Amino acid sequence: VSAIEALQTTLAAEHAAVYVYGALGAQTSASSSSRLYAAVTDAYRTHLERRDALTEMLWAADEEPVAAEPGYELPRDLSSEKAVTRRALRLERSCGAAYAYLVANLTGVQRQFGITALLDAARRELDFGGAPRRLPGL
Amino acid sequence: VLAATAGTAALVAAGCDQLSTGPTDTTSSGAVPTTEPAVDADGELTDQVTLALAEAAAVAGATAAGFAALAPAGEEFLRLHEAHGRLLGGLPDVGEPDVPGRRKRARRALLTTESRLQQELVDASMNAGSGALAQTFAAMAAAVAQLHTVWSGS
């Protein structure tokens, strides 16, 4: 796997994360579930920043960044706080795995970026009810 | 974990959100194959990491033994470091650590030790020649970060 392939793969993952978090945010109320709303909003902003950073890395390498899909699969029922929380937890676990993959295939500042993102995803799992794990991302 | 393989095609097709959930995904992780031989420098790096894990485990164990109120945290860190040590071939013996005599200071020393270990794991990941080893060290750092978050807030 080349570094460019790894970056493109992770960017594709972040496109999906931004889309799904956007949908989760729309299902979350700032007044009735303020803690979850804050966690989802923060996660959404973080994934937007990561998507943009990955896009910049690819532009800097004279590569065309992979585009977002028109849409991504969402759960049928996101009407409850529990469903949103469960979905967000799954998303962070999956993104942690994507960044672990990035770490394995890149070096230098790009690997550092992957490590930082993996640690953030691991901490963020806790915001969505996850329990500590032995090897987050693997 | 270390024998798992990457689902690159599945990742590209579905994004990270689907990494471990699709029926065609034969893995549950983003781990890469570890059949590649570790370069010599990685052996030295692994020795440094196992020593750091052993020292952190000793602090966690001594803290748990010395303060009943800190036992849950100390024991959880100890179990984590021992599990990570087993992945790397076992932890070396280290001497008894100095643990502060007061609970608050002991708690602070425990969390400081864990923060230091987390940074050592991040540095080791950065310096690993093998991608698989880099990934493993980063995942270990992430696990320490999770426990630190849990226990620093309590």
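For segment B:64-108, enumerate the residues that are surrounded by fewer than 14 Cβ atoms within 10 Å (Cβ to Cβ) and over 20 Å from the mean Cα position of the chain (by Cα).
B:A68, B:A69, B:G95, B:E96, B:D98, B:G101, B:R102, B:K104, B:R105
Can you name the condition, by its number, that A:S31 falls short on among (1) under 24 Å from A:R123 (Cα atoms); (2) open to solvent by 40 Å² or more (accessible area, probe 1.4 Å); (3) outside any helix (DSSP H, G or I)?
Exception for A:S31: condition (1).
Within segment A:59-74, can one find any residue that is surrounded by 20 or more Cβ atoms within 10 Å (Cβ to Cβ), more than 8 Å from chain B (Cβ to nearest Cβ), in a helix (DSSP H, G or I) and at pLDDT 95 or above?
Within segment A:59-74, none of the residues are surrounded by 20 or more Cβ atoms within 10 Å (Cβ to Cβ), more than 8 Å from chain B (Cβ to nearest Cβ), in a helix (DSSP H, G or I) and at pLDDT 95 or above.
Please enumerate the residues belonging to segment B:72-90 that are part of a loop (DSSP other than H, G, I, E, B) and under 20 Å from B:A145 (Cβ atoms).
Answer for segment B:72-90, where residues must be part of a loop (DSSP other than H, G, I, E, B) and under 20 Å from B:A145 (Cβ atoms): just B:L88.
Going by the conditions given, is B:G129 outside any helix (DSSP H, G or I), touching a residue at least 24 places away in the same chain (Cβ under 8 Å) and at the interface with chain A (Cβ under 10 Å from one of its Cβ atoms)?
Yes.
Within segment A:90-129, work out how many residues are open to solvent by less than 10 Å² (accessible area, probe 1.4 Å), part of a loop (DSSP other than H, G, I, E, B) and not aliphatic (A, V, I, L, M).
1
Can B:T113 be described as open to solvent by 50 Å² or more (accessible area, probe 1.4 Å) and either within 7 Å of chain A (Cβ to nearest Cβ) or at pLDDT 95 or above (or both)?
When the stated conditions are applied, B:T113 does not pass them.
Kindly list, by first and then second residue, each pair from a residue in segment A:1-24 that is farther than 15 Å from A:R45 by Cβ and at the interface with chain B (Cβ under 9 Å from one of its Cβ atoms) to a residue that is open to solvent by less than 20 Å² (accessible area, probe 1.4 Å) and acidic (D, E), limited to pairs with Cβ atoms under 6 Å and residues at least 6 apart or on different chains.
Once the first residue is farther than 15 Å from A:R45 by Cβ and at the interface with chain B (Cβ under 9 Å from one of its Cβ atoms) and sits in segment A:1-24, its partners that are open to solvent by less than 20 Å² (accessible area, probe 1.4 Å) and acidic (D, E) give A:A16/B:D17.
For segment A:108-129, which residues satisfy the criterion of being out of contact with any Lys or Arg (no Cβ under 7 Å at 6 or more places or on another chain) and touching a residue at least 12 places away in the same chain (Cβ under 8 Å)?
A:Q110, A:F113, A:G114, A:I115, A:L118, A:D120, A:A121, A:A122, A:R124, A:D127, A:F128, A:G129
Just one of (1) under 22 Å from A:L24 (Cα atoms); (2) open to solvent by 70 Å² or more (accessible area, probe 1.4 Å); (3) in a helix (DSSP H, G or I) trips up A:T85, so point out which.
The number of the failed condition is (2).
Can you report the number of residues in segment A:87-126 which are at the interface with chain B (Cβ under 7 Å from one of its Cβ atoms) and either farther than 29 Å from A:P75 by Cα or of a type in the set (A, V, I, L, M, F, W, C) (or both)?
Final tally of qualifying residues: 15.
The values are calculated or read from the model by the stated rules, or taken from the named source; none is laboratory data. Note that this is a predicted model, so its numbers are computed, not measured. Backbone-built Cβ (ideal geometry, glycine too); neighbour counts: all protein chains shown. The accessibility values were calculated without ligands, DNA or RNA, using every heavy atom of the protein model including side chains. Shrake-Rupley method; radii C 1.70, N 1.55, O 1.52, S 1.80 Å.
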